[in-house]
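Where a number appears in this text, it was derived from the coordinates with a stated rule and is not lab data. Predicted, not measured: the structure shown is a model, and the values here were computed from it. Quick reminder, even Gly has a Cβ in these numbers, built from the backbone with ideal geometry, and neighbours come from all protein chains shown.
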C-alpha cells in the first residue's frame with residue numbers, strides 16, 4: 001500500500017470514528033507538493049465535529065472561555081467557527097480554510113459578534129490554535145493524520161502554516177485583527 005493510500009485510509013477511519021461530515025475530509029493528492037489537499041468549495045455544515053473539538057476545549061468558548069455545550073438541548077450550544085474566516089477563500093496560508101486545523105468551538109456571542117465578521121484573528125488566537133493543534137497531534141487523537149496532512153508533518157511547518165494564514169488574512173484588507181468582546185480567565 002502506498003503512503004498516499006495509507007494517509008487517505010487514515011482520514012476515512014478518523015471521519016468514521018468521530019462521525020464527521022464527509023465534506024470535512026474530502027481530499028486529493030497534490031503530486032507537486034506531495035501532500036493531501038481538500039477538494040471543492042461549498043459552504044457546508046461543520047457542526048458534526050463539535051464532539052471531537054470539545055475534548056480539548058473542555059466546554060468553553062475558544063475565544064472568551066465562557067461556558068458552552070455540545071448538547072443541542074441547551075441555549076448555550078457551541079457553534080463551530082472558522083478561526084480564519086471562510087470568506088477568505090478555499091485556502092489560507094496554503095491550507096484548506098474548511099480544514100479541521102481551522103475549526104474551533106465558539107459561543108454565540110463570539111461567533112456572531114458584529115465586529116468579528118471576516119476580520120483576521122488576533123495573534124493570541126493564532127497561538128492558541130497552534131497550541132490546540134499540537135496538543136491533538138501529540139495526544140494521538142484520531143484527527144492527528146488530518147491535522148498533519150492539512151498543515152505539515154513537523155511542528156515548525158505547522159507553525160509556519162498558521163503564520164502564513166495570519167499574514168494572508170491580514171494582507172487581504174486593512175481591517176484590524178479581531179478580539180473577543182471580553183475574556184474570562186483561561187481554563188487551559
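Distance between the 7 Å Cα→Cβ label points at residue 154 and residue 71: 4.6 nm. Both the radius of gyration and Dmax for region 62-135 are 12.4, 37 Å, in that order, over alpha-carbon atoms. The calculated Kirkwood hydrodynamic radius for region 81-188 is 14.1 Å, given to one decimal from all distinct C-alpha pairs. Sorting 93-99, 163-169 by average packing, meaning the other beta carbons within 10 Å per residue, from highest down gives 93-99, 163-169.
Here the label points at residue 54 and residue 140, each 7 Å from Cα along the C-beta direction, are separated by 2.5 nm in the simple model.
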